[in-house]
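A short worksheet on the structure shown next.
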Amino acid sequence: MNRMFASLALASSLMLGVAAMAADAPANIKAAVSDKGRPAADTDRDANRKPADVVAFAGIKAGDKVADINPGGGYFTRIFAKVVGANGKVYATVGAAGLAAKPASGDGMRALQADTQYGNIMLHASDFDKLTMPEPLDVAWTSDNYHDFKNRGPGFTEAMNKAIFAALKPGGTYIVIDHAAEKGSGGRDTNTLHRIDPDLVKAEVLAAGFRLDGESNVLANPADNRAGKVFEGETRGKTDQFVFRFKKP
């Protein structure tokens with residue numbers, strides 16, 4: 001019984017922490033998240049992805065140049081575009097080889113690039129392990145992708161981290177969000193469960209020259225035993241996720 005009450009207390013404290021962080025989010029971030037132009041498919045996921053909290057934690061601000069690395073359907077791309085405003089830029093960065101093999105895979109990002117409600121989104125193709133950008137970045141961001149990058153062969157993520165380091169301005173920020181695997185599991189579950197050990201991510205990114213600038217528990221879920229596939233059953237949308245903020249010195 002005591003264990004049950006302890007779990008409830010922990011969950012309650014985490015919920016209070018989330019509410020406090022959301023309340024503290026800058027006005028432009030709140031406005032970007034509440035923008036009526038966002039698709040319902042995106043806003044339906046806000047309760048799980050907590051975009052105001054994680055974007056505020058990342059420190060993204062007006063005028064920033066941001067790379068949304070492997071942006072999927074553009075969930076965060078749209079939010080970033082509103083946050084950075086007319087003087088900022090959002091590079092929806094997709095893999096060059098994948099785009100060349102399947103040109104239609106870029107249609108969603110091309111549509112965002114052409115959408116007049118934004119005007120600051122650019123589809124950018126570059127192989128991630130050899131990443132180059134049109135200009136130095138303030139922020140490089142990748143969410144729920146690092147475990148997949150780990151499946152691209154030995155040395156891929158290490159090379160990618162070094163390329164991201166080079167692409168950032170001094171003092172630039174690198175955000176990594178992903179589904180947590182069991183502690184000590186390393187890369188064991190990247191292909192099967194679509195999870196990765198947070199300690200492995202830290203070690204690899206620090207080895208590229210970054211320093212760890214912060215961690216957030218806003219997406220943490222202590223009820224997740226980290227042993228289930230992230231897309232299946234009750235685990236979907238309720239995984240224990242880590243949020244790391246790294247800085248380029």
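Details
- For region 2-247, the relative contact order comes to 16 percent (Cα pairs under 8 Å, sequence separation of at least 6).
- 5 angstrom amide H check on Ala125, placed H, neighbours 5+ away: Val94
- Packing-based exposure ordering (other Cβ within 10 Å, fewest first) of Arg245, Arg195, Arg110: Arg110, Arg245, Arg195
- For Lys162, Lys65, Lys183, order by how many other beta-carbon atoms lie within 10 Å, fewest first: Lys183, Lys162, Lys65
- Residues whose amide H comes within less than 5 Å of that of Ala67, counting only those at least five positions distant or on another chain, are Tyr91, Val139, Ala140, Trp141 (H built at 1.01 Å from N in the peptide plane).
- Relative to the Cα centre, the charge distribution of region 111-249, modelled as +1 at Lys and Arg Cβ and -1 at Asp and Glu Cβ, gives a dipole magnitude of about 280 debye.
- Mean residue ellipticity (222 nm) of the chain, computed from DSSP H runs ≥ 4 via -39,500 (n - 2.57), nearest 500: -10500 deg cm²/dmol
- Under the membrane-span-like helix rule (DSSP H runs whose alpha carbons stretch at least 20 Å along the helix axis, mean Kyte-Doolittle hydropathy -1.0 or higher), the chain yields 2-24.
- Over the chain - Rg/Rh using Cα atoms and the Kirkwood inverse-distance radius: 0.95
- Sorted largest first, extent of region 145-207 alpha carbons per principal axis (Å): 35, 20, 17
- Among Met133, Met160, Met122, the order by Cβ neighbours within 10 angstrom, fewest to most, reads Met122, Met133, Met160.
- For region 163-249, the fraction of alpha-carbon pairs in successive 5 Å shells from zero, as %: 3, 15, 23, 20, 17, 11, 7, 2, 0
- Bridgeable aspartates and glutamates around Lys36 (alpha carbons under 17 Å apart, same-chain partners fewer than 8 residues away excluded): Asp44, Asp46, Asp115.
Throughout, read-outs are computed from the coordinates displayed, never taken from laboratory work. What you see is a predicted model; the values in this text were computed from it and never measured. Cβ sites come from the backbone with ideal geometry, for glycine too, and all protein chains shown count toward neighbours.
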